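First comes the structure, then the notes that go with it.
The values are calculated or read from the model by the stated rules, or taken from the named source; none is laboratory data. Since the model is a prediction, treat every value here as computed from it, not as a measurement. FYI the Cβ positions are ideal-geometry reconstructions off the backbone, even for glycines, and counts take in every protein chain you see.
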Amino acid sequence: MSSEATPISETNISERIYQLSNLAATDAPLRFGEGDAKRVSDIGSGLDGDFDYDYEGQEEDEEEEIVEMSEAELIAMLDGERDPLSVCQQLFVKSYEDKLDAAADLKYLSKSQIQELYNEGYFTMDWDASLVAATRVEIMDLINTQQIKLEPAGHQPGTVDSTSDDENVESSGAFCASFDSRARGDSISFLKVDESPVHDTENLSQMIALYKNIQRDLKNVINLKHESAEYQLALYPGRGTHYEKHRDALPDDGSEWDQRRVTIICYLNSEWKEADGGHLRIYKPPMTGGDQVEIEPQAGRVIVFLSGAIDHEVMPSYAERLALTAWCQ
Ligand SMILES: O=C(O)CCC(=O)C(=O)O
Ligand SMILES: [Fe+2]
């Protein structure tokens, strides 16, 4: 189905984007690719019933048109209207360049990293590999002792994401589809970093502090609504497991929706070598040339990107591959 052929009204799409965005705020990233057709009209509830009353003659004009559109089509349509990076650049506070010049508000990130995030939609950095390697040992121990319970991300909904909203799980065909094991081969656990003593471990808590530091700096230059973030641990077991091309959120200019705005991922693979694969492939936004960049998932490598602007894909991984992601809203 071609997105151009789909007539859709402004209000219609904004409501539907709102509902999709709520999905994105759980673990329902906006995946797209072959065979990923979803009914936008299936998502959520209420909207289609809003016009069910029968005042003679009046409702005809107001009858909402039900439009079928996959997430891929929705994103393609939005991208066609405006480059997703230029939309997400609106997330930056108006005075962000002044703040960079003052540099006083940045404690952990550099001015050039913030500028890269603005201009390219992402930047990479490296954390102390020995801290990350020690954290991996702690995490594997927590997994082996069942203190962290990983569940296949491509599993049936309702059993996977403790942070997810049951209403979404039940009402949304799209949500179900995002748990398609063909799309992703990892097992995941959402970490309640602020609540659980389980994660009160020396190295892991030091690493969480690093994420929080980044978030604190980002908050000075980007409109972020929350102090907290969602933390997801993801383990790919090897055997060529991957995560198909997707976007973590819709392009978001910071208006009103509960979107993931910034994705921060750190890799924890101390023994990683080229033949292990599992690179993160980044698709640069069209306005920066649209090239592909591959990020090696080696211990300490960190990527920070604008969730609504960067398509990405986990390439087949032939060794266990561990990553800790934080999504800031
Ligand atoms: O682990 C990675 O490199 C990316 C994972 C990812 O894209 C996701 O969990 O949404
Ligand atoms: Fe992602």
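Overview of results
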| quantity | calculated |
| --- | --- |
| Matching residues, the range 96-150, being over 29 Å from Y283 (Cβ atoms), touching a residue at least 60 places away in the same chain (Cβ under 8 Å), among the hydrophobic types (A, V, I, L, M, F, W, C) and in a loop (DSSP other than H, G, I, E, B) | I148 |
| Exclusive hit being aliphatic (A, V, I, L, M) and farther than 25 Å from S181 by Cα, set A229, A309, A249, A323 | A229 |
| In the range 98-127, the residues that are closer than 21 Å to G308 by Cβ and of a type in the set (D, E, K, R) | E116, E120 |
| Residue match in the range 214-229 (condition: within 16 Å of ligand 1 (Cβ to nearest atom), at negative phi, surrounded by 21 or more Cβ atoms within 10 Å (Cβ to Cβ) and assigned by TED's automatic domain parsing to the domain that holds D126) | yes |
| Criterion violated by G289 - all others in (1) surrounded by 22 or more Cβ atoms within 10 Å (Cβ to Cβ); (2) free of Cβ contacts under 8 Å to residues at least 40 places away in the same chain satisfied | (1) |
| Residue within the range 176-183 that is assigned to a helix (DSSP H, G or I), modelled with pLDDT under 95, more than 12 Å from ligand 1 (Cβ to nearest atom) and out of contact with any Phe, Trp or Tyr (no Cβ under 9 Å at 6 or more places or on another chain) present | yes |
| Pairs with Cβ under 9 Å, 6+ apart, first in the range 232-247 and in a loop (DSSP other than H, G, I, E, B), second within 10 Å of ligand 1 (Cβ to nearest atom) and not small (G, A, S) | P237/D186; P237/R321; G238/R321 |
| Among the candidates S70, S110, S86, S95, residue that is modelled with pLDDT of 95 or more and among the hydroxyl-bearing types (S, T, Y) | S86 |
| Test for A275: is it within 21 Å of D186 (Cβ to Cβ) and more than 14 Å from ligand 1 (Cβ to nearest atom) | yes |
| The range 112-130: number of residues that are of a type in the set (D, E, K, R) and more than 24 Å from M207 (Cβ to Cβ) | 1 |
| Those residues of the range 278-329 which are assigned to a strand (DSSP E or B), of a type in the set (S, T, N, Q) and within 11 Å of ligand 1 (Cβ to nearest atom), in sequence order | S317, T325 |
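To keep it simple, each residue is scored yes or no on (1) more than 15 Å from ligand 2 (Cβ to nearest atom); (2) under 17 Å from T135 (Cβ atoms); (3) at pLDDT 95 or above.
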{"residue": "Y211", "(1), (2), (3)": "yes, yes, yes"}
{"residue": "Q215", "(1), (2), (3)": "yes, no, yes"}
{"residue": "N220", "(1), (2), (3)": "yes, no, no"}
{"residue": "S228", "(1), (2), (3)": "yes, no, no"}
{"residue": "L233", "(1), (2), (3)": "no, yes, yes"}
{"residue": "G238", "(1), (2), (3)": "yes, no, yes"}
{"residue": "Y243", "(1), (2), (3)": "no, no, yes"}
{"residue": "A249", "(1), (2), (3)": "no, no, no"}
{"residue": "S255", "(1), (2), (3)": "yes, no, no"}
